[in-house]
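Following: one structure in structure tokens, then a few remarks.
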Amino acid sequence: MNFPLMLVIAVAVCGALALLDLLFLAPRRRAAIDTYQAGVAQADPQVLQRLAREPVLVEYGKSFFPVLALVLVLRSFLVEPFQIPSGSMKPTLEVGDFILVNKFAYGLRLPVLDTKVVDIGEPQRGDVMVFRYPSDPNVNYIKRVVGLPGDHLRYSSDKRLFVNGQPVAERLIGDEPGSLGSARLYHEKLGAAEHLVRKEMRRYRIEPDREWTVPAGHYFMVGDNRDNSNDSRYWDDPNILPALQGMVPDRNIVGKAFAVWMSWPEPKLSNLPTFSRVGLIH
């Protein structure tokens with residue numbers, strides 16, 4: 001379901017009904033009332049009420065238009081809510097986290113068309129960003145920005161990340177609680193962002209070093225759950241040019257994730273939402 005398109009259509013329909021009433025239907029109702037009052041000695045209140053009554057569609061359209069228009073503006077240009085469906089960003093984000101995404105951090109874009117009309121800023125290394133999956137733009141992904149246009153990246157077989165020949169600074173925190181030593185948490189500094197990353201000790205993906213060069217207008221995205229993230233390191237689409245494999249084009253950017261406002265891993269009455277994880281995203 002393309003919710004932005006449905007919202008735009010709903011606003012357009014309700015707005016058209018409101019405009020139709022303003023320009024044509026309301027003047028006709030007023031003219032009918034004036035004609036009726038001029039032809040009788042004393043007007044019947046019930047008749048006046050019937051003549052002044054708006055058509056049902058117009059009434060609903062005028063009622064919903066300001067609400068839908070406000071939602072469209074907020075959702076398209078200011079803030080949009082999302083829910084985290086997977087654990088690819090653990091420990092930064094957990095399954096069931098409800099997050100807020102800043103829609104203007106990287107420029108204002110037209111709804112549905114996603115054309116940038118006002119250039120405000122660009123993604124920075126370390127940002128947590130929501131974007132449309134290059135192979136299926138109907139699906140939203142959330143990962144961390146690792147590579148900027150022009151960067152040379154390397155991910156080594158010992159799970160180290162290198163940017164432009166320099167290893168990304170990391171410090172071992174210890175075993176992940178409850179993992180029985182199968183996973184470890186590291187403190188990582190990527191650009192100005194300082195955050196935790198998770199690495200599996202039982203190597204699910206043992207592979208040789210891989211390298212990429214990020215082309216202009218594209219970004220390289222990696223999940224904080226380094227061994228359980230479907231990200232730029234592993235995307236392989238035969239319909240995309242080899243030089244662009246794994247890259248997220250600027251036109252696919254949705255916005256910058258900046259806060260968790262609620263968490264509800266299993267939406268059901270027996271398991272109510274929690275606000276213990278409310279806070280800014282680093």
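Read-outs: derived from the displayed coordinates by stated rules, not from any lab. Bear in mind the structure is a predicted one, so any value in this text is a computation, not a measurement. Glycine gets a Cβ as well: all are built from the backbone with ideal geometry, and neighbour counts include every protein chain shown.
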**Report entry** From the C-alpha gyration tensor of the range 1-149, square roots of 5λ in Å
**Finding:** 50, 16, 11
Requested in this report: For the chain, just list the percent of Cα-Cα distances falling in each 5 Å bin from zero outward, please.
Outcome: 1, 5, 10, 13, 14, 13, 10, 7, 5, 4, 4, 3, 3, 2, 2, 2, 1, 1, 0, 0
Requested in this report: For the range 3-78, give the magnitude of the charge dipole about the Cα centre (Cβ charges: +1 Lys/Arg, -1 Asp/Glu; no others), in debye to the nearest 20.
Outcome: 80 debye
Report task. At 20 °C and 1.002 mPa s, grab the translational diffusion coefficient of the range 3-78 from Stokes-Einstein with a Kirkwood Rh over Cα pairs, rounded to a whole number in µm² per second. Result -> 151 µm²/s
Query raised in the report: So how much slack lies between Val112 and Ser63, counting 0.36 nm per residue of separation and subtracting their Cα-Cα distance, in nm?
Result: 15.3 nm
Query raised in the report: Between Gln49 and Asp34, what is the spin-label point distance in nm, taking each point 7 Å from the Cα along the Cα→C-beta axis?
Result: 2.5 nm
Report task. With label points built 7 Å along Cα→Cβ from the Cα atoms of Asn140 and Glu211, find their separation and express it in nm. Result -> 3.7 nm
Query raised in the report: Which of the peptides 112-120, 4-12, 222-230, 183-191 is most tightly packed, and how do the rest follow, going by the mean number of other Cβ atoms within 10 Å of each residue?
Result: 222-230, 183-191, 4-12, 112-120
Query raised in the report: Using the Cα atoms of the range 116-175 to build a convex hull, what is its mean projected area in square nanometres?
Result: 6.7 nm²
Query raised in the report: Quick one: Cα centre-to-centre distance for the range 98-167 and the range 215-237, in angstrom?
Result: 10 Å
Report task. Net charge near Arg160: determine it from the other residues with C-beta under 11 Å of the C-beta of Arg160, scoring Lys and Arg +1 and Asp and Glu -1. Result -> 0
Report summary line: At R0 = 35 Å the Cβ-Cβ FRET efficiency linking Asp175 and Gln83, nearest 0.05, sits at 0.75
Query - Point-to-point label distance, Ser182-His152, nm (Cα→Cβ direction, 7 Å offset) - result: 3.9 nm
**Report entry** Given charges at beta-carbon only (K, R positive; D, E negative), |dipole| of the chain in Debye
**Finding:** 220 debye
Query raised in the report: How long is the gain from Phe162 to Leu272 if the chain were fully straight, where each residue apart is worth 0.36 nm and the alpha carbon distance is subtracted?
Result: 35.4 nm
Query raised in the report: In the chain, which helices (entire DSSP H runs) extend 18 Å or more along their own long axis, judged by Cα positions, while averaging at least 1.0 on the Kyte-Doolittle scale?
Result: 3-20, 56-73
Query raised in the report: Once the Cα gyration tensor of the range 134-279 is found, what semi-axes does its equivalent ellipsoid get, as square roots of 5 times the eigenvalues, in whole Å, sorted largest first?
Result: 27, 22, 15
